[in-house]
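The structure under discussion appears below in the form of structure tokens.
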Amino acid sequence: EVSGASPEPILSVAPWILCLSPPAATTIHSTALIHCIPNCTDLWGLTCKQSQNKDPPFLTSPRGHILTLNYNAEDEDRIVKEIFAIEVGSSIDGAPLTVSFLLSLCLQYASAHLHNSDLRRLLLLSASHVQSAMWEWTTKIAVYPGVKGLNPKDSNLDVPSLNEVISGLRPLVVWMANSLELLQFIQHQLPLILEWRNRKEKGWGVEEDWEDAESKEVENLAMLELHLSHVRSASEETMAVLEEVILLAFQQCVYYITKFLYPVLPSILDCNPFKESPGYCSQSLGGGGIHIPVEIKQVVEVLNESWRLLLDCQVHPEVSSQLVGYLFYFINASLFNSLMERGSEPGFYQWSRGVRMRANLDLVLDWAHAAGLGELALEHTQTLSSAINLLATPRKNLLQ
């Protein structure tokens with residue numbers, strides 16, 4: 001518990017002090033998890049609104065306590081090394097965004113209290129460590145037993161289980177999530193802190209008349225631009241590295257998940273969900289006689305475990321949706337091509353087969369709707385769905 005009057009700082013063995021300040025009258029709308037601000041493009045407008053607040057634009061806890069991490073500049077190397085030594089990707093336990101959270105607190109302190117040279121150095125040091133960690137895990141996953149069997153060149157290896165693939169991808173997803181949070185902080189929060197520091201050093205009050213505030217705004221923005229120019233090259237280089245890490249992790253996840261997904265997709269075209277057999281799942285939908293075949297259940301499990309991985313690692317919702325969207329796009333393209341290619345088989349294009357395909361695809365889309373991804377799934381499977389609908393339409397209706 002943290003006292004609202006005079007909180008005690010929490011000391012650690014590391015050369016830093018993590019402090020919790022009591023909430024002020026005006027709460028800064030942020031959280032300790034550094035949630036991303038979507039579609040934030042009007043930086044100057046946001047800065048002007050923030051500058052009217054008398055409190056520093058620091059990260060806060062869910063209860064409104066300002067979070068700060070204080071350290072000496074000479075301890076910067078040691079602090080960063082200890083932060084990156086934290087195991088955040090080995091299991092689902094713990095807080096996956098610990099690294100980005102602590103680094104953001106370090107950047108917050110450096111931008112508010114240290115020299116610009118210290119801030120530049122911290123930015124580049126953080127980028128270097130993130131890049132090294134990502135390359136290390138990318139190399140490891142290539143030989144990880146859980147995903148090595150997906151390589152067609154290694155035909156002698158056993159095909160990995162879904163749990164093995166997800167476990168192998170978890171560290172990559174964790175670093176993608178942390179890189180996204182760091183990128184958000186540098187893009188949006190860092191300029192606010194520098195602007196606040198500029199006003200503080202100038203001794204400008206926040207309860208000034210509107211005319212005084214307006215007359216000083218031009219000078220304020222000029223001084224802020226000067227502060228930003230001192231760290232611009234380092235921040236741009238850091239953001240470029242973080243974007244590279246995010247893209248690489250995203251591509252690796254899509255690659256390995258689709259490699260596992262590809263062999264089980266044909267079941268959507270071939271399974272009969274209306275015929276119950278010992279190989280079928282006992283679950284049915286709405287009592288309408290449709291049972292989930294084991295093969296269809298495998299497709300749903302791949303999507304479900306991938307979605308759970310993104311949620312467990314606290315990847316930003318927009319990026320998580322984009323990744324799942326790619327999986328549905330892959331399903332759409334792969335099955336539509338198969339549907340066209342197999343049309344040359346005698347008797348393949350039949351109304352009864354189209355009805356079974358429609359039911360199987362609906363089982364997959366039902367999962368998407370239950371997960372809150374229904375519109376996304378429908379958007380990316382529109383081509384396949386239209387083709388199946390045409391095949392499932394009775395001939396007499398087509399002749400009309």
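The values are calculated or read from the model by the stated rules, or taken from the named source; none is laboratory data. Computed from a predicted model, the values in this text were never measured in an experiment. Please note: Cβ atoms are built from the backbone with ideal geometry, for glycine as well, and neighbour counts cover all protein chains shown. Ligands, DNA and RNA are stripped out before the accessible areas are found, and what is left, the full protein with its side chains, is counted by its heavy atoms. Shrake-Rupley method; radii C 1.70, N 1.55, O 1.52, S 1.80 Å.
What the table shows:
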item	result
Per-region count, the stretch 92-115, residues among the small types (Gly, Ala, Ser), part of a helix (DSSP H, G or I) and surrounded by fewer than 22 Cβ atoms within 10 Å (Cβ to Cβ)	1
Selection status of Arg170, over 16 Å from Ala234 (Cβ atoms) and either modelled with pLDDT of 85 or more or in a helix (DSSP H, G or I) (or both)	yes
Identity of the residue in the stretch 117-160, at pLDDT 85 or above and more than 24 Å from the chain's Cα centre (by Cα), that ends up surrounded by the most Cβ atoms within 10 Å (Cβ to Cβ)	Leu119
Test: residue in the stretch 360-380 that is open to solvent by 40 Å² or more (accessible area, probe 1.4 Å), farther than 25 Å from Arg308 by Cβ and free of Cβ contacts under 8 Å to residues at least 60 places away in the same chain	no
Members of the stretch 310-328 found to be aliphatic (A, V, I, L, M) and closer than 12 Å to Ala249 by Cβ, listed by number	Leu310, Val315, Val319, Leu323
Residue list for the stretch 323-352, restricted to those being open to solvent by 50 Å² or more (accessible area, probe 1.4 Å), in contact (Cβ under 8 Å) with a residue 60 or more places away in the chain and not hydrophobic (A, V, I, L, M, F, W, C)	Tyr326, Arg342
Residue match in the stretch 270-293 (condition: open to solvent by 10 Å² or more (accessible area, probe 1.4 Å), at pLDDT 95 or above, on the phi < 0 side of the Ramachandran plot and aromatic (Phe, Trp, Tyr))	no
